[in-house]
1. Per the helix-only calculation at 222 nm, which mean residue ellipticity applies to chain A, given -39500 (n - 2.57) for every DSSP H run of n ≥ 4 and division by its residues, nearest 500 deg cm²/dmol?
2. Are there trypsin sites (Lys or Arg not before Pro) in region A:374-451 that DSSP marks as loop and that have at most 16 other Cβ atoms within 10 Å, and which are they?
3. Ordering A:LYS589, A:LYS799, A:LYS154 by accessible area with a probe of 1.4 Å, largest first, what comes out?
4. Is the shape of chain A rounded, prolate or oblate, going by the alpha carbon gyration tensor and its root eigenvalues a ≥ b ≥ c, with a/c under 1.5 for rounded and a/b larger than b/c for prolate?
5. Express in Å², to the nearest 10, the accessible area of A:ARG353 obtained by rolling a 1.4 Å probe over the protein heavy atoms while all chains stay in place.
6. Counting only the heavy atoms of the protein chains, how much of A:LEU670 is accessible to a 1.4 Å probe, in Å² to the nearest 10?
7. Rounded to the nearest 10 degrees, what's the angle between the helix A:21-32 long axis and the longest principal axis of chain A, both from Cα atoms, 0 to 90?
8. Starting from the Cα-Cα distance between A:ARG191 and A:ASP206, subtract it from 0.36 nm times their residue separation and give me the gain in nm to one decimal.
Amino acid sequence: MEDSLRPRPGEVPDKPVIDGLEAIWLERWDDAATYRFDRGASRETIYSIDTPPPTVSGSLHIGHVFSYTHPDVVARFWRMRGRDVFYPMGWDDNGLPTERRVENFYGVRCDPSLPYDPTFEPPEKPENQKVAISRKNFVELCHILTAADEVAFKNLWRHLGISIDWSLEYSTISEHAQAISQRGFLEMLRRGEIYSLEAPTLWDIDFRTAVSQAELEDRERPGHYHRVSFVRANGEGVIEIETTRPEMLASCVALVAHPDDERYRPLFGTDVVTPLFGAEVPILAHELADPEKGTGIAMICTFGDTTDVTWWRELHLPTRALIGRDGRFLAARFGDDDWPTRDPAAARDFYGREIEGKTVNQARTAIVEALRATGALVGDVRPITHPVKFYEKGERPLEIVTSRQWFVRTLDHRAELLARGDEIAWHPDFMRHRYRSWVEGLNQDWNISRQRFFGVPFPAWYPVDGEGEVDFDHPILADVNTLPVDPSSDVPPGYAEAQRHQRHGFVADPDVMDTWATSSLSPQIAGHWGSELFGRVFPMDLRPQAHEIIRTWLFSTIVRSHFEHHSVPFTNTLISGWVLDPDRKKMSKSIGNVVTPMPLLEQHGADALRYWAASGRPGADTAIDEAQMKIGRRLAIKILNASKFVLGRLAGDAIPGPEEVTLAIDRDLLALLGRLIEETTANFEQYDYARALERTESFFWSFCDNFVELVKIRAYGEASDPATRSARATLAITLSVVQRLFAPVLPFVTDEVWHWWHEGSVHRAAWPTTDELGSLADGPPGSIYQPVCDVLEAVRREKSTAKVSQRAAVSRVTLSGPGEFIDAVRAGERDLRDAGVVDSFALSDAHEVTITVALTSP
RNA sequence: GGGCGCUUAGCUCAGUUGGUUAGAGCAGCUGAUUUACACUCAGCAGGUCGGGGGUUCGAGUCCCUCAGCGCCCA
C-alpha cells in the first residue's frame, strides 16, 4: 500500500446513498477509458473474450442480464490480475429474425424481382396487406431497424456496467464482417472444404429456404396411418404398406423391407404396381426398414422424409420430385421416361385434376378419397402421434425439395472435431457432453446456403453458355482483395454488367449465407483476421455462451477454426444456464412470461441485478428472484457504510501498513483474510465466480458484525496507542481487500468507495494477494478470532434471552476450556470487554468449553 | 432408445479430496435501538440430505437400483 494513501478530504459523504452512483461512474469510466484494451499488449498478457453477438431483433429480456454478467465478472477479475482484457461487443443483425421483424414492423415483404425504388418510404402504420418492395429497399429497412435495436441493447449493457471496450464494437452485417465471411468462404472452397450440390434438402415452404440440421427440431404431431395395397406386377396377390403420407404416392419409386424379414425376403427384386398411378416399382431390401413398424414394408417416395432420401441415395433410385418450393404439387408427366405408368391417360387425368398445384393437405384428402373409391385403402385410417421435422422457427412441417446448396464438409471430419472439443476447458465440465453428442449424431454436411435476402451473399457468379445454360460446376469467384462483394450488383472479374443474365454472360449466386456461417467467424471478425492483432487475441481465452447454441454457434466456430487455423477457437467456454420465471418455468414469448430487464434494473440497481446473476453458477438454470436482488442491494449499501466507518476511523492520517498490526487477534483476522484471498482467487481462476462471491460475502458480514464490533472502541483510541493503530490498520487492510474482492460483481459501489481513498479506478487496481498482509501468525487461521466470537455470541445470547439491550452490562463471564481456548480469550479479552460491556472475566482450565454469562442486575 | 443434470429447512441454494452435532440467506417467531448502517443488530425455531440396497470404523458426499423433474441427442 502506498505511504501517501489516506482518506481524501471531502470525499466520504456523511450519508452515503446507492442511488445515482451508476450515472456518475459510467461517465467516469468513459472519461478515463477504464476498459480500453491496450492494442500494443503482448499475447502473454492478453485475456481475450469472444463475446456472443446477440440477435438484436429479439427483444431484451432478463436472460441477457444474467448471461452477460457472468463473462463481465470474469473479465473484471482478469483485468485486476493485470491482464489486458480484449472484450469486444458484436451485434448479430443479419438473418431471418431481422427479416421477420422488418416485415412485421414496416408491413413490407421482399420481392427480389422488383427494381430498387430510391424514393420508397415505408407505410406509417403496417397494413394487413404487406407492401412488396425490392431486395435493396428491404435490406435498407433492415439496416435502419437493426441500428435502432442495437441502441437499446447497448443501453442495457452500459447500464449494467458490462466492461466492454466499445471501440471494439462490430456487427455481423457490416462490410468488415461481410468481407471476413466471404474470405472465409473462398478459403474453404479453395481447399475443398466447401462444395455445392444439387440435392434433396430440408426446406421450409413458408420461409422458402433450405435449413440445416442444426436448425431442425422434432415435434410430436398427430398423424394417421393409411394402409394401402399394391398389386404385384405378376398379378399374384397384393402387398400392403402403411404410410402417414399417402399424398406422396405419385412419387413412389420402390417398396422396402428389412433384409432379414422372412415375410418379404422372397419378394425382393419383384415388382408391384402403385395404385391410382399404375407405376411399376421394385421391392427392395434395406436395414433401415423397421419390421416392427406398420406392416414391416414401406413405400419410398421422393421425398416424404429424410429416410426416403437415404434410401433413394443408397439404393440408387430415380427421382420423381413432387413438392415445389412453395409447398404445392408440381406437374408430373406420366408416360414420359421418368414417369412410367401402365395407363398414362388415367394417371395424367387424375393427377392433373386432383393433385397438381394443390397443397399437401388438399392432395392428401384427394388421394385418400380416390384410394378408398378404388378399394386400395385397406380398413380405417389409424390415428397416431409421431415426431415430425420442423424448422425451429417454422410453423409447418418441413418438406424435402431438391435445390442447389453450398455445404461445408463436417461428416468427414467428425473425429477431428470431437478431439477439438476435448481440447477445450468447459465450465461446467459436463456441458462437453452436449457438444459430443451433437457431433456424434451429425448426419448431413453443414448447409450454409439460405434462399433469403438480408445476409452475407456468396462471392460467386456462374457462367452462362451459348445455350443459356448456367454452369454451376465452374463458379466465377470474387478476387479476395475486392471483398465484400454483392454479386447481384457487382460484376465478376472479366465481365461487364451488360452480360448479366445473357448468353455467354453470367448470373449471380442468388443466395445468402446461413447466419452461423458468419457468426462462426466471430473471433476472426472481432480480432481482425489478417491484421497483426489477430495473432495476439486468437485463440480466444474465453467463449461465454448459452447452452442451447452449443450445436450451432459453438460447433460452427470450432469447424471454422479447425479448418482455417488448425486450432481450437478458444481455450475456455463458460456456459450459462437459463433464466426461469419465478415459478421455475422457462421463459417464452408464447407463454407470455418474458421479463424485461429495465424496470428491475431501475428498481433494484445494476449492482443488485449483477449480484443476483453472479449467484447463479455456471450452467445452472436460475429463477428470477427479486429477493436475491434486494439482498444484493443491501450488500452494496453495507459496503458503503462499512467503508465510511473504517475510513472515518483513520481521521485523515496516512493508512497504517501491515507492520502496525501487532495484536494477535488482529493478525489472526488477517490470516483469515489471507485464506479468503487464496480461496476466492482459486475460485475465479476456475470460473467459479459464484463461490468466490459467496465466500467474500460471508467473510464480509462476519467482519462487520463481529470484528468491527469487537475493535470499535479500540479503534477510537489515541493514535499513539499501538493497540489502536493495530485495529485501524487491520480495518483498513481488510477494507481494501474486500472492496477489491467485490469489485468484479459490484463494480459501481466498489469504485465509489475505492475512490474515497485512492486515485484511479478499483477496476484497474491489483487483485489482492497475501503479500499485502505482512507476516502472518503461525497457527491455523481463526484460532483466536473464532473462540472470541463464540464468547461474544454467548454474551449476546444471554442478553437476547433476557430481552435486554445488547449494551446492557455484564458483571462476570465465567469461562473454562482447554489451554488454547483460554489463551485465545485472553488475547481478545479487551475487545470482548468493550463489545460486550463486560465487567470481569473468570478463566479456568477444563476439558470442555463452558461459557457462563452473568448480567449486572438492573 | 442413448446421454447429461437436478432432487438437502416453508422458499432459494452452499456443502471442496468420505471425517465432530449437515450450513447460509430469505420468510417465520422473540427482542434490541441513536456517534458506519432501521436499506440496522442480536437471538430462537425449522432438515430421518427423493426411496431402497451396498462399500466403509465412518456416507449428504462413493457404488448399485428405483422414482420424479428438467434438458441434450437420435
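1. Calculated from helices alone, the mean residue ellipticity at 222 nm is -11000 deg cm²/dmol.
2. A:LYS393, A:ARG409
3. A:LYS589, A:LYS154, A:LYS799
4. In terms of gyration-tensor shape, prolate.
5. 130 Å²
6. Roughly 0 Å² of A:LEU670 is accessible to a 1.4 Å probe.
7. 80 degrees
8. 1.9 nm
The values are calculated or read from the model by the stated rules, or taken from the named source; none is laboratory data. On a predicted model such as this, the values are computed, not experimentally measured, just so you know. All Cβ positions, even for glycine, are placed from backbone atoms using ideal geometry, and neighbour counts span all protein chains on display. All accessible areas refer to the heavy atoms of the entire protein, side chains included, with ligands and DNA or RNA removed. Shrake-Rupley method; radii C 1.70, N 1.55, O 1.52, S 1.80 Å.
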